[in-house]
1. For the range 41-144, just the Cα atoms, rotate onto the principal axes and tell me the three extents in Å, largest first.
2. Note down the nm distance, to one decimal, between modelled labels 7 Å out along Cα→Cβ at His123 and at Ser176.
3. Pull up the DSSP beta bridges for the chain and report the antiparallel fraction as a percent, rounded to 5.
4. Go ahead and run the numbers for FRET between Lys149 and Asn86, Cβ-Cβ distance against an R0 of 30 Å, rounding to 0.05.
5. Once both labels are modelled 7 Å past Cα along the beta-carbon direction, what's the Phe40-Lys131 spacing in nm?
6. Work out how much length Phe102 to Gln62 would gain on full extension: take 0.36 nm times their residue separation and subtract the Cα-Cα distance, in nm to one decimal.
7. Which one is right for this structure if Rg/Rh (Cα atoms, Kirkwood Rh) is calculated from it: (i) 1.00; (ii) 1.05; (iii) 1.03?
8. Could I have the simple spin-label model distance between Asn208 and Lys7, label points 7 Å from Cα toward Cβ, reported in nm to one decimal?
Amino acid sequence: MRLLSTKILDLNFKFQIAQIGISIFEHPFIKINSIPLKNFKFQSSFIFSSQNAVKIAFENPQIKKQIGGKRYFCVGEKTKALLEKNGQKVIKMTHNASDLGFHIIKTYKNETFSFFCGKLRRHEIESLLAKEKISLQIHEIYNTIYNSKKFDNQFDGVLFFSPSAVNSFFKKNNWSSKVHAFSIGKSTSKTLEKFTRDFTEAKKPNENELLSILNSHYLKHYA
C-alpha cells in the first residue's frame with residue numbers, strides 16, 4: 001500500500017506506519033507564515049485552537065511575557081502538550097472547536113478571552129461565544145499558505161490533517177475511485193465531503209487513532 005501524507009510526519013509515527021507494511025510519501029500541502037501582532041492588550045483567559053498558534057505566540061518575547069501563567073483553553077491533545085511544554089496550565093482541552101465553545105458557554109460565561117489563531121480558520125468558537133455575548137478578542141498571528149503540488153503517480157491512500165490541506169490537495173489533484181482517504185477529525189472530514197465520500201475518519205483526532213484506521217484498512221485490503 002502506497003500512502004501520501006499531506007504534511008511531514010514525526011519520525012516515530014512514520015516508523016509505526018512503515019511497520020504495518022505501508023510505504024509513506026510526504027508533501028507539506030500547507031505552509032505557515034507568522035503575522036506581526038499590533039495589539040498587545042490581552043484578556044484574562046486564552047484560547048488556542050492549533051499548535052501553530054502556540055509556537056508563534058511563545059516564540060514572540062513580547063507576547064510570551066504578557067500571557068505566561070494565565071488560564072488556557074485549547075483544541076487538540078498536541079496543542080495542550082505544547083502549552084504544557086511552555087510551562088502553562090491548561091484548564092480545558094477538547095478535541096474540536098465546537099465542544100470547546102460549548103464548554104466555555106456552560107462553565108465560563110463571565111470570563112473574557114483572547115483567541116490566538118490563524119487568518120484562515122473555521123469560526124465555531126467565535127460564533128458560539130458571540131451568540132452568548134461573551135467577550136472575545138481575536139489575535140490573528142499566522143497565515144496559512146497553500147503549497148499545492150500535482151502528483152501524477154498513483155497512491156492507494158491519502159492522509160489528511162486539516163481542512164486547509166484538503167483544499168490545497170484538490171487545487172491540483174483529482175480524486176480516483178481507487179484511492180481511499182484518511183481523516184484526522186471532524187472538521188477535516190467536513191471539507192473532504194466536498195470532494196469524496198471515500199474516506200475513514202479517526203475516532204479521536206490523534207496519531208494513535210489514525211494508526212488504528214490505517215492498520216484496519218491495510219489488513220482488510222492488502223494483507
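We did not get these values from a lab; they are worked out from the coordinates using the rules stated. This is a predicted model, so every value here is computed, not measured. Note that each Cβ is placed from the backbone with ideal geometry, even for glycine, and that neighbours are counted across all protein chains shown.
1. If we take the Cα atoms of the range 41-144, the spans are 33, 28, 27 Å.
2. Distance between label points: 3.9 nm.
3. Of all bridge pairs located within the chain, approximately 15 percent are antiparallel.
4. Numbers: r = 33 Å, r/R0 = 1.09.
After rounding to 0.05, the efficiency reads 0.40.
5. 3.7 nm
6. Working: separation 40, 0.36 × 40 = 14.40 nm, distance 3.07 nm.
Working it through step by step, the gained length comes to 11.3 nm.
7. Here the calculated entry is (i).
8. Reported label-point gap for Asn208 and Lys7 is 1.9 nm.
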